[in-house]
Amino acid sequence: MADMTPKILRGRLLSFSTAPKGPDDTDAYSYIEDGALLLRGGKIAACGEFADVAATADEGTAIIDHRPHLILPGFIDTHIHFPQAQVIASWADQLLDWLNDYTFPAEMKFADKAHGERIAKAFYDALVAHGTTTASAYCSSHPASVDAYFEEAERRGMLMLGGKTMMDRNAPADLCDTAQSAYDDSKALLKKWNGRGRAHYVVTPRFAITSTPGQLEAAGTLLREYPDCHLQTHINENHNEIAYTLELYPEAADYLGVYEGFGLLGRKTLLGHCIHMNDRELGVMRETGSVAVFCPTSNLFLGSGLFNKAGLEQAGVRTAIATDVGGGTNYSMLRTLDEGYKVLQLQRQRLHPLACFHWITLGNAEALSLQDRIGTLEPGTDADLVVLDARATQTMALRMETAESLSEELFVLQTLGDDRAVVETYAAGKALKS
Ligand code: GUN
Ligand code: ZN
């Protein structure tokens, strides 16, 4: 539930209006040294200099002083697996072995609603601890896991996206649905949850290997019936995965051609990984406005490959960044930026810290088509916030002694920071961490 009591948060405010073109692009963001936000009814009612905001607030409005910390829009994770909270840190070779040996067995346990409820609590505790206020998650193939997922989000007042994983082959029988049952269950869940409070339903076929053509057809039908819904799936993550997909779909021009053929592409389509893309696929991504989701900790952990951000963006493809827990190894979007930065360093692509913090806030909000609600500190938007301390550890504090600019501070946060740097997380105006 949103916190209805008005309050003022005082601190150093940072919010982006566009993607910074370089280190000196000060037009891309607003930074207010002695800033304040007035929160009312779960929304940001005012944002500006502390003195101005305090003057507009009713007398007696509580002031929460977060100085000298930074206040940013809450972090957004565009690709994560809720039933993989106990899969994270599993020693495996590559994607397909990791799925078969650890992931599918762990997801089978979500047939039990009580298990889903317990893991949902832990999952949201982890998101909040790490400053993530919105995520788009794969639930398991069991409808009960979707209920557990959205029920817990509702309790905390968080804007979450997610859906039932559709999978009807190449997995243990207990995890498989059918094309028809996946359609029926997804539709019922969508009707129940999409637009209820802050919930957004995402049509979620796992990937082409675990869906028959009939099931991808059903996913396309759902999207046509509910065009405001998102779709999420995986693509071009791993060479063995790609080869197997092309065996299963010999008629397709390439991997993206499979999803394209069933009408699954568009501006609300989130495609996890997009590492090994050909030129035709890049063109189709651009034409359809589909989003390529970079999952650096996962791509390194599973040895999948290096996401070519510059190549994708030069081709006009929209990009987002995400943890992909449990293939990913950390819930923290700061740790994710750190690993992402290194993946791009290996390809001689420089990523500036201002661009990084834009990416995990407004950039990811735009990738989700939710920039009117989340991702900035604009008045009228939802009060989803993170408060960051760049001196949270001894290592960080020592390094901060010589930091002279906001950019340096941000780089310390992304390179050394994790949940310890997150002082507080607010969702719909409510403090959830402390
Ligand atoms: N491809 C299909 N399923 C998955 C999954 O759970 N994680 C990752 N990283 N890739 C996948
Ligand atoms: Zn994934």
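With Cα atoms defining each centre, region 269-295 and region 304-376 are spaced 14 Å apart in the structure. The Cα atoms of region 75-331 cover 44, 35, 33 Å along the three principal axes, with the biggest extent listed first. Within the chain, DSSP assigns beta bridges of which about 45% are antiparallel (rounded to the nearest 5).
Helix 213-225 axis versus longest C-alpha principal axis of the chain: approximately 40°, rounded to the nearest ten. Of Glu404, Glu152, the sequence from fewest to most neighbouring Cβ atoms within 10 angstrom is Glu404, Glu152.
When shorter helices are ignored and each DSSP H run of at least 4 residues is given -39500 (n - 2.57), the per-residue value for the chain at 222 nm works out to -10000 deg cm²/dmol.
With respect to the chain, whose longest principal axis is taken over its alpha-carbon atoms, helix 406-416 is tilted by about 50°. Taking the Cα centre of region 1-90 as origin and assigning +1 to Lys and Arg Cβ atoms and -1 to Asp and Glu Cβ atoms, the resulting dipole is close to 300 debye. Of the residues Asp147, Asp185, Asp93, the one that moves most in a GNM of the chain with alpha-carbon contacts below 10 Å is Asp93.
In this simple spin-label model, placing a label point 7 Å from the Cα along the Cα-to-Cβ direction at both Thr393 and Arg280 gives a separation of 4.7 nm. For a Förster distance of 41 Å, can you work out the FRET efficiency between the beta-carbons of Glu287 and Arg196, rounded to the nearest 0.05? The computed FRET efficiency comes out at 0.80.
Electrostatic bookkeeping for Tyr341 treats Lys and Arg as +1 and Asp and Glu as -1; over the other residues with beta carbon under 12 Å from its beta carbon, the sum is +2.
With a cut-off of 13 Å between beta carbons, the residues surrounding Val412 carry a summed charge of -4, where Lys and Arg count +1 and Asp and Glu -1. Helix 333-345 versus the longest principal axis of the chain: what is the Cα-based angle in degrees, 0 to 90, to the nearest 10? In the chain, helix 333-345 runs at an angle near 70 degrees to the longest axis. Which shape class applies to the chain: rounded if a/c is under 1.5, otherwise prolate when a/b exceeds b/c and oblate if not, where a ≥ b ≥ c are the square roots of the Cα gyration tensor eigenvalues? Prolate, since a/c reaches 1.5 and a/b exceeds b/c. Look at Glu225, Glu247 and count the other Cβ atoms within 10 Å of each Cβ; fewest to most, that gives Glu247, Glu225.
Cross-link partners among lysines for Lys433, C-alpha distance below 20 Å, same-chain residues fewer than 8 apart left out? Cα-Cα hits under 20 Å: Lys7, Lys43, Lys121.
Read-outs throughout are calculated quantities, based only on the coordinates presented, and are distinct from any laboratory measurement. No experiment lies behind these values; they were computed from the predicted model shown. Backbone-built Cβ (ideal geometry, glycine too); neighbour counts: all protein chains shown.
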